[in-house]
Amino acid sequence: MAADSAVALVVVDVQNDFLPGGALAVPQGDAVIPVINRIARRYEQVVLTQDWHPADHVSFASRHPGRAPFDTITLPYGAQTLWPDHCVQGTRGAALADPLEVPHAQLILRKGWHREVDSYSAFLEADRATRTGLDGWLTARGVQEVHVCGLATDFCVLWTALDARRFGLRAAVIEPACRGIDLGGSLARAWEEMARAGIARLAA
Ligand code: VGL
Ligand code: ZN
């Protein structure tokens, strides 16, 4: 298929810990894999992201005595949902899912590695100031549009797509190649927010 190199695919966090049986399992998270394997062939430029936390990351409920996973706390940069320990650097849980088959992907971008700052977005950390460098990587290669897929729709896919718009890229989310966590209605809110931001919702 003729790949338009101005359009890149960003595959977000398809890692063992987000699959059924993982530390922060996304319901039906594994269902995205065959879809991604199929659609990725259409894109010349593909980026994979990995959530990549130190063992004592600030987003882990285990760092905050008296708090439980899925509580929300306030950090210097704002509200932070607390999670079970997940995607710890170098662990099996942090590895890309074995059945993910995107051999032509050129960049694997690791995010969330600052101990005191989370990063749902592949572009900007949760302090909303620290850039990962992905914007520069994409623009240096002539990319003007990103198609985002992976896990989870209402967290890392959402923030990545919103920040793509912030950096002046066209953005779309490929719905059948995503699954959400859905904490207190967050999945429906995510789709609303993406629609307001001008993010297209594509079928595979
Ligand atoms: C994610 C929660 C915590 C995600 C990562 O990939 O959507 N969600 N860390
Ligand atoms: Zn995380």
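The values are calculated or read from the model by the stated rules, or taken from the named source; none is laboratory data. Note that this is a predicted model, so its numbers are computed, not measured. Virtual Cβ from ideal backbone geometry, glycine too; neighbours counted across all protein chains shown. Heads up: the accessible areas ignore ligands, DNA and RNA and are worked out on the full protein's heavy atoms, side chains in. Shrake-Rupley method; radii C 1.70, N 1.55, O 1.52, S 1.80 Å.
Remarks
- Residue within segment 105-113 that is open to solvent by 20 Å² or more (accessible area, probe 1.4 Å) and either basic (Lys, Arg) or more than 30 Å from residue 4 (Cα to Cα) (or both) present: yes
- Within segment 4-28, being more than 15 Å from ligand 1 (Cβ to nearest atom) and in contact (Cβ under 8 Å) with a residue 24 or more places away in the chain holds for 4, 5, 6, 7, 8, 9.
- Hits in segment 31-65 (condition: crowded, with 21+ Cβ neighbours inside 10 Å and charged (D, E, K, R)): 51
- The residue pairs whose first member lies in segment 50-79 and is part of a strand (DSSP E or B), whose second member is basic (Lys, Arg) and open to solvent by less than 10 Å² (accessible area, probe 1.4 Å), and whose beta carbons are closer than 9 Å, counting only pairs six or more residues apart or on different chains, are 50/111; 51/111.
- Residue within segment 174-192 that is open to solvent by less than 10 Å² (accessible area, probe 1.4 Å) and β-branched (Val, Ile, Thr) present: yes
- Applying the set (1) touching a strand residue (DSSP E or B) at 6+ places or on another chain (Cβ under 7 Å); (2) within 13 Å of ligand 1 (Cβ to nearest atom); (3) among the hydroxyl-bearing types (Ser, Thr, Tyr) to residue 132 leaves exactly one unmet item: (2).
- Cβ pairs under 8 Å, 6+ apart, first in segment 29-47 and among the hydroxyl-bearing types (Ser, Thr, Tyr), second open to solvent by less than 10 Å² (accessible area, probe 1.4 Å): 43/8; 43/9
- Segment 148-167, residues that are outside any helix (DSSP H, G or I), away from ligand 2 (no atom under 16 Å from the Cβ) and buried (at least 24 other Cβ atoms within 10 Å of the Cβ): 148, 149
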